[in-house]
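What follows is a short report on a single structure.
Every read-out reported here was derived from the displayed coordinates using simple, explicitly stated rules and does not represent laboratory data. Note that the structure is predicted; figures quoted are calculated from it, not measured. Glycine gets a Cβ as well: all are built from the backbone with ideal geometry, and neighbour counts include every protein chain shown.
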């Protein structure tokens, strides 16, 4: 009687041990025979797309710089400042445009023998589209108001513009002017050089 009672108490423990052994053996066997998972391979990064900036559109802005006048015994220099307005058309690699600008100054020649007060210009521009950078050359005609009267001159120059975003750009421009027979005096010629930093709002 005592032996049978002891057997009943041991039987559940024995069965539990057998079940645990069988489960552990199956899990071990599964870990050996199951194929290992394939390693994760991340997809390649996307190739960046470089887009060319479209310069087509109108713009207005302001400029600040320096002007120097020299020739035939007269010379002087001073700060210049003004505004500009224009339109560019982008043909792809080439940009063609037109612009008008106006500068105010007080360049005194030889201590007041003559003064240059304003300069207005009509420009034709042509340059290369380098994405956010536009390099260009320009030619045109200038009209200057001086103490000797109104004077006209052809000019040429170079410039560069950097597009900050769709609405704003900054740039620089160097122009060379040639005034002939200033004050109506034959041979009284003056060369004028201007350099300006420009900021524009584009539409």
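Residue exposure proxy: 93, 180, ordered by other Cβ atoms within 10 angstrom of their Cβ from fewest to most, comes out as 93, 180. Based on Cα atoms of segment 57-202, Rg over Rh with Rh as the Kirkwood radius reads 1.02. With 0.36 nm allotted per residue and the present C-alpha distance subtracted, the residue 143-residue 193 stretch has 16.6 nm of extension available. In terms of other Cβ atoms within 10 Å, 41, 116, 60, 95 run from fewest to most in the order 41, 60, 95, 116.
Residue exposure proxy: 147, 108, ordered by other Cβ atoms within 10 angstrom of their Cβ from fewest to most, comes out as 147, 108.
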